[in-house]
1. For the list (1) in a loop (DSSP other than H, G, I, E, B); (2) within 15 Å of the ligand (Cβ to nearest atom), I need the number of the one condition that H192 fails.
2. Among the residues of region 280-296, write down those that are of a type in the set (S, T, N, Q) and within 8 Å of the ligand (Cβ to nearest atom).
3. Considering (1) in contact (Cβ under 8 Å) with a residue 24 or more places away in the chain; (2) acidic (D, E); (3) outside the structural domain of N235 (by TED's automatic domain parsing); (4) over 26 Å from D109 (Cα atoms), say which one D159 fails and leave the rest.
4. Can you find a residue that is assigned to a loop (DSSP other than H, G, I, E, B) and surrounded by fewer than 18 Cβ atoms within 10 Å (Cβ to Cβ) anywhere in region 83-98?
5. What residue, of L321, L299, is within 14 Å of the ligand (Cβ to nearest atom) and in contact (Cβ under 8 Å) with a residue 12 or more places away in the chain?
6. Any residue that is outside the structural domain of D201 (by TED's automatic domain parsing), more than 10 Å from the ligand (Cβ to nearest atom) and farther than 21 Å from L299 by Cα - is there at least one of those in region 41-52?
7. For L179, state whether it is within 15 Å of the ligand (Cβ to nearest atom), part of a strand (DSSP E or B) and out of contact with any Lys or Arg (no Cβ under 6 Å at 6 or more places or on another chain).
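The values are calculated or read from the model by the stated rules, or taken from the named source; none is laboratory data. The shown structure was predicted, so the numbers you read here are calculated from the model rather than taken from an experiment. Cβ: placed from backbone, ideal geometry, glycine included. Neighbour counts: every protein chain shown.
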Amino acid sequence: SRIEYVDVVIIGAGPSGAIAASLLHKQQKKVVVIEKQQFPRFSIGESLLPHCMSFIEEAGMLDAVNKAGFQFKNGAAFQYQKQHRTFDFTQKFSQGHGTTFQVQRGSFDKLLADTASEQGVEIRYGHSVLNVKLEPTTSVIVTEPQGTEYTIRTKYILDASGFGRVLPKLLDLEVPSDLPPRTAIFTHVYDHISDSDFDRDKILISVHPQHQDIWYWLIPFNDGRCSVGVVAEPNLIEHIKGDDEQRLLELISQEPSLKRLLRNATIAQECSHIRGYSANVKTLATKKFALLGNAGEFLDPVFSSGVTIAMKSASLAAKVLLRQLNGEDIDWKKEYSQPLMFGVNTFRIYVQAWYDVSFQKVIFTKNPDPKVKQMVCSILAGYAWDKTNPFVADAEKRLSTLVQLCELQEQKEMQS
Ligand code: FAD
C-alpha cells in the first residue's frame with residue numbers, strides 16, 4: 001500500500017489539533033492532520049475562557065474568531081438558593097485577554113480548522129487513524145473514506161483526538177481518573193429569556209438547592225439559543241425515571257431560579273448524555289508522540305477549562321517539538337508534561353474544592369476582599385499557569401486559608 005513521508009502527523013482537527021498544526025506549519029514543518037469526521041460536527045464544551053484567546057492569537061486566528069460574530073463573554077455568574085454572584089473577567093489579577101466567546105463548537109471548530117487550512121495546513125476529513133507503529137520508524141496507518149488503507153511515516157505524532165483517545169487506547173496508556181465518575185445531560189434550547197437582569201455575556205452556573213455537588217450550566221449563544229446541562233453523580237441521575245430529556249427537565253425543575261429563567265424555553269436539539277468523562281494517562285509525551293487536550297487528561301467541565309487546556313497543550317507541544325525537529329535532545333517530561341500539568345493541577349485543586357463545597361463558600365461569600373477576588377477571577381478566566389498569582393503558586397494553602405476566612409465571616413453574619 002501507499003507510503004507517505006511527513007514531519008508530523010496530527011490526529012484530530014479540534015481546537016488542539018488546529019492550533020498545533022498552524023504553529024508547526026508556520027515554522028515550515030510538513031504537517032498533515034487526519035480527521036475522522038466531516039466538519040462542522042457537534043462537540044460539547046461551548047464556553048471558552050479568556051486565556052484561550054492568547055493561543056488563538058499565537059496561531060494567527062484572532063481576527064477570524066473576533067469577526068465571526070460569536071456570543072461575547074466577559075465573565076461567569078453563580079447562583080445558589082437566593083444568592084447570586086458574578087465574576088467579571090476583565091477585573092482579573094493576571095495579564096492577558098479579559099474577554100472571550102460562547103460558541104457552538106460545530107462552527108467554532110470549523111472556523112479554526114478552515115483558518116489553519118487557509119494558512120496552508122493540510123487536513124484530511126473523513127480519514128481515520130487505525131493504528132500506529134513506533135518502532136523502528138514511527139508510522140501511522142490511516143483509512144480513507146472508501147476504506148483503503150495507507151501508511152504515513154513521520155518524525156512525530158501529536159494525538160489531538162479528544163475523547164477518541166487514539167494513542168492512549170492503542171498504546172495502553174489509560175489509567176483511571178482520580179475524580180469520581182460523573183454524568184452530564186445536556187441539550188440546546190430556544191431560551192426565550194426576557195428577564196432584564198439576565199446577562200447573556202456570562203455563563204451561568206447554578207447549584208442544586210439541596211445537593212450542592214449537582215450543578216447546571218446555562219451558556220447563551222448569539223442566536224436566541226442556550227446550551228443547558230446538568231452534572232451529577234450517576235446514581236443521582238439514574239434513579240430519576242425516563243430518558244435524557246425527562247431527567248434533564250426534572251432536574252431543572254428542582255432548581256427554582258433556573259426553572260423560572262427557562263419557563264418559556266423549548267428544546268432545540270435532542271438531549272444527550274456523557275458519563276465517566278474524566279480521564280488520565282500514564283505518559284503524556286515521549287520523543288515519538290505527545291498527547292494534546294482531551295487525548296491526555298480531562299478533569300471536569302465545571303470551570304470550562306477544557307478548550308483552554310487543549311490549546312495550552314498545543315502551544316507548549318508545538319514549541320518543544322520544533323526544537324526537537326531542529327535537532328535538540330528534548331526531555332519531554334520536563335519540557336512538556338510537567339509545565340502543562342502545573343496548570344491542570346491548579347484547576348484540579350479548585351475542581352475538588354468545588355465538589356467538597358469549600359470553594360463554593362469562596363464563590364458565594366458576601367463581601368470578598370477585592371484583591372483576593374481578582375486573584376480568584378484570574379483562575380476562573382483560565383490563567384492557571386500564572387505563578388505570579390499566589391492562588392496559583394500556592395493554591396492549596398491559599399485556598400484553605402481563604403475558605404476559613406469565609407467560614408468565619410459567615411458565622412459572624414449569623415450571630416449578628
Ligand atoms: P476535540 O475537540 O474533541 O477534537 C477531537 C477530534 O479528533 C474530533 O474532531 C474527532 O472526530 C477526531 N478523532 C477522534 N478519533 C479519531 C481518529 N481515530 N482518527 C482521526 N480523527 C479522530 N470545555 C470548555 O472549554 N468549555 C466548556 O464549557 C466545556 N464544557 C464541557 C462539558 C462537558 C459535559 C464535557 C464532557 C466537556 C466540556 N468541555 C468544555 C471540554 C471540551 O469538550 C474539551 O476539552 C475540548 O473539546 C477538547 O478539545 P480537543 O481538541 O482535545 O478535542
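1. The number of the failed condition is (2).
2. In the first step, residues of region 280-296 are kept if they are of a type in the set (S, T, N, Q); the result is 280, 283, 286, 294.
Residue satisfying the conditions is N294 alone.
3. (4)
4. Filtering region 83-98 down to residues assigned to a loop (DSSP other than H, G, I, E, B) leaves 92-98.
If we keep only those that are surrounded by fewer than 18 Cβ atoms within 10 Å (Cβ to Cβ) too, we end up with 95-96.
The answer is yes; a qualifying residue exists.
5. On the way: L321 fails: within 14 Å of the ligand (Cβ to nearest atom).
Residue meeting the stated conditions: L299.
6. no
7. Numbers: within 15 Å of the ligand (Cβ to nearest atom): yes; part of a strand (DSSP E or B): no; out of contact with any Lys or Arg (no Cβ under 6 Å at 6 or more places or on another chain): yes.
For L179, the condition - within 15 Å of the ligand (Cβ to nearest atom), part of a strand (DSSP E or B) and out of contact with any Lys or Arg (no Cβ under 6 Å at 6 or more places or on another chain) - is not met.
Condition check ((1) within 30 Å of Q146 (Cα to Cα); (2) in contact with a helix residue (DSSP H, G or I) (Cβ under 7 Å, 6 or more places away or on another chain)) across all residues:
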{"residue": "F42", "(1), (2)": "yes, yes"}
{"residue": "S54", "(1), (2)": "no, no"}
{"residue": "K67", "(1), (2)": "no, no"}
{"residue": "T90", "(1), (2)": "no, no"}
{"residue": "H97", "(1), (2)": "no, yes"}
